[in-house]
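To keep things clear, I will list the structure first and then write my remarks on it.
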Amino acid sequence: MKKLLSLLLAAALPALPALAQKFEGLALTPPMGFNTWNTFASNINEVLIMETADTMVKNGMRDAGYTYIVIDDCWQLMQRDAQGNLVADPAKFPSGMKALGDYLHERGFKFGIYSCAGAKTCGGFPGSQGHEYQDAKLFASWGVDYLKYDWCSTNTRDPKEAYTTMRDALYAAGRPVVFSICEWGGSKPWEWAKDVGHLWRTTGDITDCYDCTQRWERGWKTILDLQRTLVQPNDGQGNGIGQFAGPGHWNDPDMLEVGSAGLTFAESRAHFSMWCMLAAPLMAGADIRHVSPEILAVMTDKEALAIDQDRLGKAAWPFRTEPGREIWVRELADGSWALALLNTGDQTAELSVDFHHMWFLGGECAIRDIWDKKDAGTTEKAFTKRLDSHDVALLRLSPLKKK
């Protein structure tokens with residue numbers, strides 16, 4: 001009788017466990033694309049999105065892997081409609097979000113949208129709290145492929161509960177969506193979000209400077225420093241925050257400011273290099289329609305992108321940090337190692353790397369200087385390079401076959 005009752009109860013209950021998962025097989029390498037927020041904030045419209053997409057086709061960014069185009073906050077009206085649905089601002093998006101998504105899909109892009117786990121978004125528009133399943137269904141009807149989900153106006157809400165609820169709502173809607181958790185790292189999402197989202201923010205927002213702090217915004221070097229100290233100790237084997245990242249679940253130190261006005265070219269190149277070293281998502285934030293050829297060449301460099309997109313998914317760790325110089329290393333899938341030599345000083349300097357203490361290399365390696373596009377000897381001798389302030393040497397160290 002007890003067995004029969006258990007079977008009847010099981011048949012009567014909804015199949016909730018089937019919904020309690022994220023979409024698998026997505027973001028097996030860090031997502032790449034463009035996000036509107038850094039440059040445009042609330043000044044967005046469908047013409048901007050279409051022009052950006054068309055530019056990314058022409059300039060090679062799409063073919064380099066930048067396939068997600070994400071519309072951030074302020075796309076909505078201030079009120080939901082009579083049925084409780086979010087409404088795209090018709091002044092900004094007169095053709096509607098479904099048509100815009102179709103436009104992007106036709107050109108080989110994925111369509112990204114923004115919402116928030118609170119009652120309101122960070123811009124004061126309606127959030128998804130209490131409307132998760134309704135909003136997820138609406139996003140699916142528009143053809144959304146990526147959701148950035150923010151953390152404003154949440155009061156005492158528990159982050160894990162909030163993001164798990166939206167995860168389940170997205171799964172119930174039935175359209176595979178990359179789920180970007182934008183909780184700013186306050187609840188240490190790297191410890192719990194692997195089964196909830198595909199990427200999670202580790203800090204507050206980035207801004208276009210090297211190491212400044214403005215309100216809740218930080219320069220890219222300040223964010224890089226936080227990646228080193230968020231989880232302690234780092235034992236020299238990568239067991240800092242990087243241990244929580246991998247295929248389908250990534251630490252997200254926020255979008256790229258590469259090419260923005262507040263950075264020198266050297267700082268932009270170093271910023272990009274370090275995000276590649278971190279196995280970070282690469283979401284361009286500058287106005288892609290007007291970036292310089294030099295910046296475009298950095299962002300589409302095949303050798304640098306191969307490091308970011310390496311299928312092993314292991315993030316870099318700091319081998320040595322000292323005044324004026326940092327050395328970060330990253331293991332790659334083919335047995336090679338990526339190395340970044342960063343000039344953290346305020347002056348041009350000649351910096352060196354001596355490889356004899358790098359036990360993990362396992363023997364002599366050939367050195368490839370990625371930004372200079374040349375082979376640079378082997379690890380039997382120190383590598384030395386003159387670097388501008390805040391610039392970087394990005395190297396790939398490939399094991400030499402023993403004769």
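The values are calculated or read from the model by the stated rules, or taken from the named source; none is laboratory data. Note that the structure is a prediction, hence the values are computed from the model and not measured. With ideal geometry, Cβ positions are generated from the backbone for all residues, glycine too; neighbour counts draw on all protein chains shown.
When Tyr171 is tested against (1) under 24 Å from Ser273 (Cα atoms); (2) touching a Lys or Arg at 6+ places or on another chain (Cβ under 8 Å), just one condition goes unmet, and that condition is (1).
Any residue at all in the range 324-331 that's in contact (Cβ under 8 Å) with a residue 24 or more places away in the chain and under 24 Å from Gly259 (Cβ atoms)? Steps first, please.
Going through the range 324-331, the residues in contact (Cβ under 8 Å) with a residue 24 or more places away in the chain turn out to be 324-325, 327-331.
Going one step further and asking which of them are under 24 Å from Gly259 (Cβ atoms), we end up with 328, 330.
Yes: the range 324-331 contains one or more residues that are in contact (Cβ under 8 Å) with a residue 24 or more places away in the chain and under 24 Å from Gly259 (Cβ atoms).
Scanning the range 19-39 for residues that are outside any loop (DSSP other than H, G, I, E, B) and crowded, with 18+ Cβ neighbours inside 10 Å yields Met32, Gly33, Phe34, Asn35, Trp37, Asn38, Thr39.
A single entry from Pro159, Pro176 fulfils the requirement of being more than 15 Å from the chain's Cα centre (by Cα) and within 19 Å of Ile71 (Cα to Cα): Pro176.
For the range 59-108, filtering for residues that are over 14 Å from Trp142 (Cβ atoms), under 21 Å from the mean Cα position of the chain (by Cα) and assigned to a loop (DSSP other than H, G, I, E, B) leaves 8. Does Tyr133 satisfy the criteria of being surrounded by 16 or more Cβ atoms within 10 Å (Cβ to Cβ), in a helix (DSSP H, G or I) and on the phi < 0 side of the Ramachandran plot? The answer is yes for Tyr133. Candidates Trp317, Trp275: the one that is modelled with pLDDT under 95, in contact with a helix residue (DSSP H, G or I) (Cβ under 8 Å, 6 or more places away or on another chain) and not aliphatic (A, V, I, L, M) is Trp317.
Looking at Phe23, Phe40, Phe34, just one residue is at pLDDT 95 or above and touching a strand residue (DSSP E or B) at 6+ places or on another chain (Cβ under 7 Å), and that residue is Phe34. Of all residues in the range 168-206, which are in contact (Cβ under 8 Å) with a residue 60 or more places away in the chain and under 23 Å from His390 (Cα atoms)? Hit for the range 168-206 is Ile206, nothing else.
The set of residues in the range 359-374 that are farther than 20 Å from Glu303 by Cβ and within 29 Å of the chain's Cα centre (by Cα) contains only Phe360. Please determine whether any residue of the range 339-358 is in contact with a Leu (Cβ under 6 Å, 6 or more places away or on another chain), at pLDDT 95 or above and not in a strand (DSSP E or B). Checked against the condition, which is being in contact with a Leu (Cβ under 6 Å, 6 or more places away or on another chain), at pLDDT 95 or above and not in a strand (DSSP E or B), the range 339-358 yields no hits at all.
Can we say Ala270 is outside the structural domain of Val392 (by TED's automatic domain parsing) and touching a helix residue (DSSP H, G or I) at 6+ places or on another chain (Cβ under 7 Å)?
On the way: outside the structural domain of Val392 (by TED's automatic domain parsing): yes; touching a helix residue (DSSP H, G or I) at 6+ places or on another chain (Cβ under 7 Å): no.
Considered against the rule, which asks whether it is outside the structural domain of Val392 (by TED's automatic domain parsing) and touching a helix residue (DSSP H, G or I) at 6+ places or on another chain (Cβ under 7 Å), Ala270 comes out as no.
The set of residues in the range 280-294 that are part of a helix (DSSP H, G or I) and either modelled with pLDDT under 95 or within 16 Å of Val57 (Cα to Cα) (or both) comprises Ile288, Arg289, His290, Pro293. Counting only residues that are without any contact (Cβ under 8 Å) to a residue 24 or more places away in the chain and assigned to a helix (DSSP H, G or I), the range 299-320 holds 1 of them. Residues that are surrounded by 19 or more Cβ atoms within 10 Å (Cβ to Cβ) and not hydrophobic (A, V, I, L, M, F, W, C) were ranked within the range 288-312; the one that is nearest to Arg228 (Cα to Cα) is Asp308.
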